[in-house]
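No value in this document is a laboratory result; all are computed from the given coordinates. Computed from a predicted model, the values in this text were never measured in an experiment. Note that each Cβ is placed from the backbone with ideal geometry, even for glycine, and that neighbours are counted across all protein chains shown.
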Amino acid sequence: MRIAIIDDEEIVRVRLQKALAKEGYTVETYGSGEEFLNAVERSPVDLAFLDMSLPGITGLEVLKEAKPRFPEMEIVLITGYSSIDSVIDCVRQGAFYYMAKPLKLDEIRSLAAKVHDRKRLLDENRALKTVLSPVDGWGAMIGVSPLMKQVFRLIEKVAPLDCNVLIQGESGTGKELVARSIHRQSRRKDRPFVAFNCGGFTEELIASELFGYQRGAFTGATATKIGILETASGGTVFMDEIADMPFSMQGKLLRVIQERQIIRVGANKPIQLDVRFIAATNKDLKKAIQEGRFREDLYFRLNVVQINLPSLMDRKEDLHLLIDFFTQKYSTKFSKKISKVEQSALQVLLSYTYPGNVRELENIVERAVALAEGESITSHDLPPDLREYSITQYGKWLTYEEQERDYIKRVLKFTEHNLGKTAKILNLPRTTLWRKLKKYGLS
Ligand SMILES: Nc1ncnc2c1ncn2[C@@H]1O[C@H](COP(=O)(O)OP(=O)(O)OP(=O)(O)O)[C@@H](O)[C@H]1O
Ligand SMILES: [Mg+2]
């Protein structure tokens, strides 16, 4: 990521440059707006820290000039003294953020990181549009949280190894997406990926689905049927809800995995099998083993590598990114121009707890994008019970300042607006009290 610093004070330029270069960014500095505009014309930057009061053309003029031409460049304005009017003006002209001097390096660094994340997301989204095949509709996996980064590293590591994998995680955490990513990054990627749900079928049905059957194997078998395992030859079989597989069937599956061959129902000649097994469950398999519902030997066969997906609440850092990602995804899908989520709606989305994890979040955003009328998602586009949830969560809490205002008001009432007494009770210098009264509109 390339960053420009535009400030007439050399000391500011040097300080920022050092701090940001240390983070691994490429940093350029300019002493005036003209210099910067000339340079950016030749090669645009991703982020600019722009001083408002420059000699020559002002920061605001630079902003007005540059933003429309380079809409993807984020501009952070630096103000010498904070004057609300000019700040509002700047934000209206497209400034990403503003900061008052003296600058805090921590803030600078975290802002740069924020822009970096956003830019990455945009890039990913762009890449995704080309990756997302309309055929299967499965795309990239998103996440910046430490837990998800760990998952991504593990996927990269096991994908080329061709070993069986067991994926565990609550419902909606992305188990199938992980299985598909592993397949896509493996040498089997050009062969089929076949998903099979192990729950809700009788043993007979599962056997004929998985292994296929020979013509005449049973009444109604009028033609030979190729089973799922054979169809997946050379590719990957995803055994979903593995904990729900009937116990007797588990033994058959174990033999298939061990011997790498299958026999169609009603046939006697074995067929060689070349597939990779990835199994998934949202249940506790260890417990199922203890209760005698799941075979331990099958567990060890499948569990060569285990990937545990964290619930969405254990990776809140990903929420914002996922919201943006799904907004973009469904905006494209529905041919709409929804580019952002309004603050009030974002507040609601960020405070909900998502028992259905990413799948639930995705459904909520999909619905919101479908309903949204303008260019952004508002809180009215969210399910009503979600809005209420957010209100009961936060409705009873006051901010620190609201609390302070309330308290001062109560003391004022008690002293009948005697400022001397009030200051004494609050143990505040009179000037401080006076400032607070003004701030809270109590004077
Ligand atoms: N990290 C992620 N980034 C982007 N999309 C995700 C992510 N995790 C999950 N999804 C999306 O959420 C939805 C649910 O994911 P998936 O079906 O893989 O979950 P699951 O764990 O198999 O859920 P279930 O237990 O309900 O079958 C899918 O549409 C998937 O694309
Ligand atoms: Mg699933």
Helix axis angle, 59-69 relative to the chain longest principal axis, alpha carbon, degrees: 30 degrees
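Per residue of the chain, what 222 nm ellipticity follows from adding -39500 (n - 2.57) for every DSSP H run with n ≥ 4, rounded to the nearest 500?
Details: 19 runs with 215 residues, N = 443.
Helices in the chain give a 222 nm mean residue ellipticity of -15000 deg cm²/dmol.
Within 10 Å of each candidate Cβ there may be at most 15 other Cβ atoms; applying that plus a DSSP loop requirement, which trypsin sites (Lys or Arg not before Pro) in the range 240-281 survive? Please list the in-between numbers first.
On the way: sites: 252, 255, 260, 264, 276; in loops: 260, 264.
Those satisfying the criteria are 260.
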Computed lengthening from residue 378 to residue 306, 0.36 nm per intervening residue step minus Cα-Cα distance: 21.9 nm
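How high is the FRET efficiency between residue 147 and residue 418 when r is their beta carbon distance and R₀ equals 45 Å, given to the nearest 0.05?
0.20
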Gain upon complete extension [residue 117, residue 440; 0.36 nm per residue less C-alpha separation]: 112.6 nm
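How would you order 20-27, 52-59 from highest to lowest mean count of nearby Cβ atoms within 10 Å?
Values: 20-27: 15.1, 52-59: 17.2.
Top to bottom by mean Cβ count within 10 Å: 52-59, 20-27.
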Distance between the range 270-332 and the range 346-382 - C-alpha centres, whole angstrom: 25 Å
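Taking the Cβ-Cβ separation of residue 35 and residue 255 as r and a Förster radius of 60 Å, what is the calculated FRET efficiency to the nearest 0.05?
Numbers: r = 74 Å, r/R0 = 1.23.
In this case the efficiency is close to 0.20.
Report, for the chain, the % of DSSP beta bridges that are antiparallel, rounded to 5. Please report the intermediate quantities before stating the final value.
Values: 4 of 43 bridges.
Here the share of antiparallel DSSP bridges comes out near 10 percent.
Past 24 Å, Cα to Cα, is the threshold; run 114/316; 189/286; 189/283 against it and keep the listed order.
Over 24 Å apart, Cα to Cα: 189/286; 189/283.
Gain in length, residue 103 to residue 22, computed as 0.36 nm per residue apart minus the alpha-carbon separation, to one decimal in nm? Please list the in-between numbers first.
Values: separation 81, 0.36 × 81 = 29.16 nm, distance 1.70 nm.
Gain in length upon complete extension: 27.5 nm.
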